[in-house]
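See below for the structure under consideration.
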Amino acid sequence: MKAIYLKRAGIALMTVMAMASCSDVVNIPSYDPYSCDGAPVIEAIYDAQDVSETPQAITGGVLNQMIKIKGKNLSHVKSISFNGLEVDVRHAAYAERDFCNVTIPRKIPEEVTNKLVYTTEQGTVTVDFPVNIPNLQLDGLKNEFTLQGDKVQVMGDYFDLYGFSKDEELNTATITIHNDDLGYSEVIPTDSITETYMGILIPKDAPDNSLITFEWDGMDGRKTKTIPYRMSDQLMFSSMEGDLGWWNDWLKSQLTWGGNSGDPKCLGYQFIRLQKNQDLSSSIIGSWSWNSTGMGCNWRWLDASANPEKYVLKFEVCTASSKPFYNYGDNGKAGSRNGGYMITLNGGATRNQWDPVSDGLNNTYGEWQTISLPLVDCLGGSVLPTEPDQWVSLEFVCQPNSNEDWQIDHSFGQFRIEPAEY
């Protein structure tokens, strides 16, 4: 009997203890990252790429930027808009109760309101958040002497935002190549386009000395810009074989029409393919060596003489893929190094240093690219003739401005004088 009583006593004790334990349990609610108990509240906005311990709040953004919105009741988002442009919240936004990552649409709004509107199932909040709307950037053709019938890249940005499209139904911009003196005009379709690239195909019958006019809808009305195409009338040297007053044979001996092994494509004119040192004895151009020559022409750009700040010296350059321009880093251009090339007109006292890498050009990969240098810089303090047919020199210097020897394969052609803007 004692065993039975003890057993019953034990059961009773366990029951009491269990009841006591149940009464001491604290109900801790589980965290629901998507819960929402009121209208949304925006407390701060950050660049989503700022992952520092103390990110800085931002007060505005740019197209295609991902931002992080911090606040309360941000889950169950129904819509987000910037300047009235709706975000595809299913693919371009992720929201929890206290934050939302969202990408600003890469589109041009019909109206700039500078407002961010955030709507959930329980309400809407509107905050000031201006988004920078870039203007179309149109710099010119990558190679202004592209041959007729060839494709060429248009240098710039944001073409796709301003109505340039391969799709005729979506295209609202126009591109026209024209030569008014010859009565020539033809619309050029966009050949290819991405967010960062636009290419066009030059018509096979397009004449030299033509202009290409782009027209598009800007934020405040219709816009136009005109750029040049193959301005052969403005060449300083229509032929480089003639009596140009060459100072020596350094570059004269390296002229080519593009028929040698490894030559870049000829653009219709003889060009320099620079591969050898000053005395033509080696393909190695020694460190700190001074390699120079010059030639000249009879000057006929009298408006440029009067207004040099409105003109540029242009030429095309081509680097072999395995021989890019040398990179001097922070020492280039404005530093202690000069980039290796100096191109100066009319015996300027200060030689014009040309450092292509500092200007963003490292390698053309065997393709020609147009270079434009301010005429004032190329003059180096000299004054141009005010009467026609006065001789003006063009000095060309290559000096490896380092302790390293150079092995280069750089081509130059089509030196000319043109207006900076058309």
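The values are calculated or read from the model by the stated rules, or taken from the named source; none is laboratory data. Note that the structure is predicted; figures quoted are calculated from it, not measured. Every residue, glycine as well, gets a Cβ built from its backbone with ideal geometry; the counts of neighbours run over all protein chains shown. Keep in mind that these areas ignore ligands, DNA and RNA; they rest on the heavy atoms of the full protein, side chains included. Shrake-Rupley method; radii C 1.70, N 1.55, O 1.52, S 1.80 Å.
Kindly indicate whether LYS151 is surrounded by 14 or more Cβ atoms within 10 Å (Cβ to Cβ), among the basic types (Lys, Arg) and within 26 Å of the chain's Cα centre (by Cα).
no
Considering segment 198-294, the qualifying strands (runs of 3 or more DSSP E), each wholly inside and each with 2 or more residues that are open to solvent by 60 Å² or more (accessible area, probe 1.4 Å), run over 210-218, 221-229.
Every residue, every condition in (1) more than 23 Å from ASP220 (Cβ to Cβ); (2) modelled with pLDDT under 95; (3) assigned to a strand (DSSP E or B), yes or no:
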| site | (1), (2), (3) |
| --- | --- |
| ILE80 | yes, no, yes |
| TYR94 | yes, no, yes |
| VAL102 | yes, no, yes |
| GLU110 | no, yes, no |
| LEU147 | yes, no, no |
| VAL154 | no, no, yes |
| GLU169 | yes, yes, no |
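Of the residues screened, LYS142 is not one that is buried (at least 16 other Cβ atoms within 10 Å of the Cβ), among the basic types (Lys, Arg), at pLDDT 95 or above and over 28 Å from ARG273 (Cβ atoms).
Going by the structure shown, is ASP303 part of a loop (DSSP other than H, G, I, E, B) and either open to solvent by less than 70 Å² (accessible area, probe 1.4 Å) or without any contact (Cβ under 8 Å) to a residue 40 or more places away in the chain (or both)? Working first, answer last.
Values: part of a loop (DSSP other than H, G, I, E, B): no; either open to solvent by less than 70 Å² (accessible area, probe 1.4 Å) or without any contact (Cβ under 8 Å) to a residue 40 or more places away in the chain (or both): yes.
No: the conditions fail for ASP303.
Looking at segment 206-251 only, could you name the residues that are closer than 27 Å to PRO388 by Cβ, at pLDDT 95 or above and in contact with a helix residue (DSSP H, G or I) (Cβ under 9 Å, 6 or more places away or on another chain)? Within segment 206-251, PRO207, ASP208, ASN209, SER210, LEU211, PRO228 meet the criteria. Pick from segment 394-422 the residues that are buried (at least 19 other Cβ atoms within 10 Å of the Cβ) and of a type in the set (S, T, N, Q): which of them is nearest to TRP301 (Cα to Cα)? Result: GLN414.
Taking the criterion of being touching a residue at least 60 places away in the same chain (Cβ under 8 Å), of a type outside the set (Val, Ile, Thr) and not in a strand (DSSP E or B), the residues of segment 113-145 that qualify are GLU121, GLN122, PHE129, PRO130, PRO134, ASN135, LEU136, LYS142, ASN143, GLU144, PHE145.
For segment 28-48, the set of residues classified as over 16 Å from VAL125 (Cα atoms) and open to solvent by 60 Å² or more (accessible area, probe 1.4 Å) consists of ILE28, PRO29, SER30, TYR31, ASP32, TYR34, listed by residue number. Across segment 221-240, not a single residue is classified as without any contact (Cβ under 8 Å) to a residue 12 or more places away in the chain and within 25 Å of TRP301 (Cβ to Cβ). Residues in segment 82-92 that are outside any loop (DSSP other than H, G, I, E, B) and under 16 Å from GLY60 (Cα atoms): PHE82, LEU85. All of VAL51, VAL25 fail the test of being at pLDDT below 90 and open to solvent by 70 Å² or more (accessible area, probe 1.4 Å), apart from VAL25. The condition of being modelled with pLDDT of 90 or more, open to solvent by less than 20 Å² (accessible area, probe 1.4 Å) and under 23 Å from the mean Cα position of the chain (by Cα) holds for only one of LEU345, LEU373, that being LEU373. Of the residues making up segment 60-104, those that are open to solvent by less than 20 Å² (accessible area, probe 1.4 Å) and among the small types (Gly, Ala, Ser) are GLY61, GLY71, SER75, SER81, ALA95.
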